[in-house]
Structures are given as C-alpha cells and as structure tokens.
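Q: Quick one: the structure is below, questions incoming.
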Amino acid sequence: MDDSQAKKFQKELNGGLVSLVLLAVLARTDEDLYGYEIAKRLQRANEGEALFKEGTIYPVLRALSAGGYLTSRIVPSYSGPPRRYYRITDEGRALLAQWSGIWRQTRNFVDRFIEGTEP
Amino acid sequence: MTRPAPRSIDEYLRQLRESLAGEDPSLIQDALYDAEEYLRAEVAANPGKSEADVLELIASTYGAPDEVAAAYRDTEAKVKAALAPPPPRRDTPASPAVKFFDVFSDWRAYTSLFYMMLTLATGTLYFTFAITGISVSASLAIVIIGIPLLVVFIGMARVMALAEGRLIEAITGERMPRRPVHPGPPAGFMARIGDMLGDPRTWTTLAYFVLMMPIGIVYFVMATSGLAIGIGLIAGPVLEVFRRFGAFGSWPHLTLEPTWLTSPIGFVFCVAAGVLILTVTLHVARGVGRLHARFAKALLVTPGS
C-alpha cells in the first residue's frame, strides 16, 4: 500500500481529533500540564508509530486556550523559555462532553459498516 | 524542500522560521516559542545524549520544521473554524439603512470605543515610561549603572508591548503575539545588549509608546465628544418632557438655540440627530480600532521579525 496515502488519510482524520484528545487528557488529570508533558503522555500511550507529530499539539492548545476552553499560566523553567501550564475550564469540560458524544456516535456508525454488521 | 536535517536547536528554529516566512509575524513568534520550549525540554530530559543526537530523533517525534510549520498554518485555521460559532447568514442583502445601524450589534464597536477612552490613561503611562526610561538610562550610561538599567527598561518595554498587543487583540480581534519575543541564540551579556539596541523592534516599540500620548488624547476627545453630544441630544428632550410633567420639581426648563428647537418638532430633530451622531461615533470607533490594530502591529510586531 502507498504510505503517503495512509499518511494523508491520518492527517484528514486528525483535524478535530487532536483537540478532542487534548481536552480528554486535561480533563482526566488534577494537575496543570505543559506542552511537553502532554506530548510525552500521548507518546507513551501510543503503540507503534505516532498518530500525529507532537509539534502539532501546540497550536491546538493555544487555539483552545484562546477560545476559553483552557486556562493557562506561565512558570519559569531552568531548561528553556518559561513554560505555559494548561488546565481545562468548565466550558472545556462541556465541550469535551459534547464532542465525546459525537465521537462515540461517529465511531459506532463507521464500525457498523467496517465490521459488516450493517448490510 | 530538501534541506539538511537540523543538528542543533538554533538551526531547527532557523529552519522553522524560514518555513513560516510570509506568515503572520505573531504566529511565527508563537511557533518559535513553542518549538523552543519542546526542544529544550527534550534535551534536558536526555542528559546522556548530545544536542545533535536528540535533534536527530526530533523529526519523528516533534516533526520536521516543514511539518510543524504546516501544522501551525492549517491547525490554527481549522481549530479556529471549528470552535467559532458560524457567522450569521443573511438571505437577503441588507439595505444600506440596516447596514448603517448594524454597528449597534457589533461588539467590536463598543470595545473599540472603550479602548479609545482607555488610551488617555495607557498613552500617558507609556509616554512617561518611555521618556523616563530613555532619559535615565541614557544619562547614566556614562557610569556603569546605566547599562543594567537600560536592560531592565527594554525588558519591561517588551512585556508592556506584549500586554498592549493582548489588549488590542481582545478589542479588535486582530491576531497579535501571545508569547514574548524570542531572545535569539544564546550569547554573552554584552552581545545581548548589542542585539537589543540593534533590533529595530526595540526602537519602534519605544516610538509607539511615545506616540501613544498624543494619539490617546485625540482618541479620548473623539470618543467622549461623540458620546456626550449624542447622548446629550437624545437625553435633553426626553428629560424636558419628564420635567413638564413635574418629574423634577422646580428645575428650570430647557431652552435651546435657535429657539425653534425648543418645540415638539425641534425635540424630534434633536433625538434623531443624537441617534445619528451616536451611530457615526460607533462607526468611527470601529474604524479607529481596525486602523490602530494595524498601526500597533506595524510598530510592535513586524519590525525585525
């Protein structure tokens, strides 16, 4: 199979999923996380090749934060520029609940055809 | 594009900057900042490896500069589109009158008006800060104390420029940097000072601060006169009607020059003129907001990036 086709399909899928995953990661933890930490958590959860490059989560984090779904604070760091720590807001949790519903519905719908339970 | 894979953080950042050439300077500033945070953390997390070894694996984890640049271009637009409520759709083209009064439903008009009044305070603050900073550090530069003062002063100026940018983005929606200026490759203290003084943005930022005083005065006068005249023209006749029904006891009655204005038709005319002036004021405020955002971007963000 053509590898570039697979990559393109993955990229198309990732469009909205990255934001959903980031909201889910931040909703499941009580601590504030910064970009690098979130990237490493995703990397650990991943089996085999990464579904998306870690560099792509930063612009999404920033956009979610600008939309009021995450709050952030800056903490100085010894290893580099100050880190921005993120925490999910109530609006973010509401968005996550809504999007999770859409995701489950979509996944079930697609699975019905792929697994052939639907004629 | 075929470029050699970056072997150091500085080289990676340089390539990322190249890949983003032509993008919004605020977006470039943010992208470089994020990449540096990740790369430095990655190097710190692998103490046994050299920077070059860590960078070798970066393309498969963080992504190559081209990929990351593409992510900033696409993802930001896409996520923004998914999060923003869909723009209201109008089936029939609006008449000019509806368009004219539509400004009352545009939040940017109100925030811009607020900003115009705020600039009297911020403009005075910026002006005082810039003039004091320049004169104190310039006059003390002959003794050694002037140098650290200058560094602190320029550092504070950058933070204030970032804050002003955030304020302008909140008010006009124009994209402004969300992260401070990238300090550039590590260098000695004196080299850093040289960079600061040689950076055109340092000087345009200070120019912006100085100019904000006269500009702030003009904005304030425009906003307050428009509001005062508009509201006054609407409120005058209305209050006069209440007074005639005895609402305010023994207040003297309202007289307007020329005297024909002190009549029912004159009152209607006053209220109509007040509404018109208020609407025009909001239009002007929205326009000023847009122009000012471009002006601020040209002086606070674009130079030297």
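The values are calculated or read from the model by the stated rules, or taken from the named source; none is laboratory data. All of these numbers come straight from a predicted model, not from anything done at the bench. Here the Cβ positions follow ideal geometry from the backbone for every residue, glycine too, while neighbour counts run over all protein chains shown.
Q: Working only within segment B:55-73, note down all residues that are farther than 11 Å from A:Lys53 by Cβ, at pLDDT below 85 and of a type in the set (A, V, I, L, M).
A: B:Leu55, B:Leu57
Q: Keeping to segment A:63-85, report how many residues are touching a helix residue (DSSP H, G or I) at 6+ places or on another chain (Cβ under 9 Å), within 12 Å of chain B (Cβ to nearest Cβ) and surrounded by 13 or more Cβ atoms within 10 Å (Cβ to Cβ).
A: Total meeting the criteria: 16.
Q: Against the condition within 12 Å of chain A (Cβ to nearest Cβ) and more than 15 Å from A:Glu54 (Cα to Cα), how does B:Leu20 come out, does it pass?
A: yes
Q: Return the only residue of B:Phe242, B:Phe269 being loosely packed, with under 13 Cβ neighbours inside 10 Å and either among the polar types (S, T, N, Q) or at pLDDT below 95 (or both).
A: Just one listed residue meets the conditions, B:Phe242.
Q: For segment A:72-94, which positions are among the hydroxyl-bearing types (Ser, Thr, Tyr) and either within 16 Å of the chain's Cα centre (by Cα) or outside any strand (DSSP E or B) (or both)?
A: A:Ser77, A:Tyr78, A:Ser79, A:Tyr85, A:Tyr86, A:Thr89 - these are the residues of segment A:72-94 that are among the hydroxyl-bearing types (Ser, Thr, Tyr) and either within 16 Å of the chain's Cα centre (by Cα) or outside any strand (DSSP E or B) (or both).
Q: Taking segment B:185-216 on its own, how many of its residues are hydroxyl-bearing (Ser, Thr, Tyr) and surrounded by fewer than 16 Cβ atoms within 10 Å (Cβ to Cβ)?
A: Qualifying residue count, segment B:185-216: 0.
Q: More than 18 Å from B:Gly165 (Cα to Cα) and surrounded by 15 or more Cβ atoms within 10 Å (Cβ to Cβ), is that true of B:Leu261?
A: Here the answer is yes, as B:Leu261 does meet what is asked.
Q: Just one of (1) at pLDDT below 85; (2) more than 7 Å from chain B (Cβ to nearest Cβ) trips up A:Ile57, so point out which.
A: (1)
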